[in-house]
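Notes follow the structure.
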Amino acid sequence: MGADNKHKPPSPASQEQPAKGQGEGQDKKADHKKQKKEKKVAKAGQQDDAHTCCGCRFPLLVALLQLTLGVSVATVAFIMAANCSSLLVRDTPHWAGIIVSVVAILGLILLCLPYQPDEKTSGQFALKLLYFLLCALGIIICVLAVAFAAHHYTHITKYSCKMAEDSCQCTLDPSDPLSRTFLYQTVADCDTVTSTIKLFVLLQITLNLLLSLVCLAACFVMWKDRYQVFYAGTWFQGSATNETPQQKV
């Protein structure tokens, strides 16, 4: 009888218990992984939703404002040059609008790229640094354009003008024979200088001032992206499920 009990095969119930235990363990692991993935996806979605304005991500909105204002500044400058061909380059700051528009295009390209931590790629970090420096340069350029336009505006408000042939001659002090004369060529009349060009100069002051503030906001976004975990880039939820979250230094 001892020999019979020794060689007795295990019952089906005893075989099912280990298999059942292993299956339950695998199911628990799968559920745990699934919960982790769902948490990562939700976290990534919260990070994107936390920095939106009217349905648009805030960094992308800043770049769009840069492009819009840059094109507006260049357009107004070209209209000014068309109305009066003798205006100086400093008085028609198309150069400021074109430069900032190029910077905005770089920002749109950068901000539409999939987000990756700085530790994983040096190329994206170099683009962010370049965009930051160009935005800082844009602030200087826009402030310079505001200074030139404000200087021109103060002169226009003090002008005494008269037509001479096809040009308008303006002086700051008509009683002083040594006072400097400002010549505006290819204008219909002096009202074009004292009203139309004056309005365009005031518009340039406003647009360039707004553009400098937007460039400042872009610098703030890039700085906070690097040091305050403000994500400047497109965070794809699919990539968040496959990668472990990393802390930024």
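Which whole-number value in Å² is the accessible area per residue of the range 67-209, probe 1.4 Å?
51
Give a residue-ordered list of calculated ³J(HN,Hα) values for the range 131-148 (Karplus: 6.51 cos²θ - 1.76 cosθ + 1.60, θ = phi - 60°; whole Hz; x for Gly, Pro).
5, 4, 5, 5, 5, 5, 5, x, 4, 5, 5, 5, 5, 5, 5, 5, 5, 4
How far apart, in nm, are the 7 Å Cα→Cβ label points at Ala147 and Leu183?
2.8
Report the accessible area of Phe220, computed with a 1.4 Å probe over the heavy atoms of all protein chains in place, in Å² rounded to the nearest 10.
100
Give a residue-ordered list of calculated ³J(HN,Hα) values for the range 77-84 (Karplus: 6.51 cos²θ - 1.76 cosθ + 1.60, θ = phi - 60°; whole Hz; x for Gly, Pro).
5, 5, 5, 4, 5, 6, 6, 8
Grab the Cα-Cα distance for Trp223 and Leu137, subtract it from 0.36 nm times how many residues apart they are, and report the gain in nm with one decimal. Provide the component values of the computation, followed by the final result.
Working: separation 86, 0.36 × 86 = 30.96 nm, distance 1.51 nm.
Contour length minus the Cα-Cα distance gives 29.4 nm.
Going by amide H atoms built from the backbone, whose H comes under 5 Å of the H on Phe182, apart from near neighbours?
Cys170, Thr171
Return the FRET efficiency for the residue pair Arg90, Leu210: r is the Cβ-Cβ distance, R0 is 22 Å, and the value is rounded to the nearest 0.05.
Details: r = 19 Å, r/R0 = 0.88.
My answer for the efficiency is 0.70.
The values are calculated or read from the model by the stated rules, or taken from the named source; none is laboratory data. Not measured: the values here are computed from a predicted model. Because the Cβ atoms are built from the backbone with ideal geometry, glycine has one as well, and the counts that use them run over all protein chains shown. Heavy atoms of the whole protein, side chains included, go into the accessibility calculation; ligands, DNA and RNA do not. Shrake-Rupley method; radii C 1.70, N 1.55, O 1.52, S 1.80 Å.
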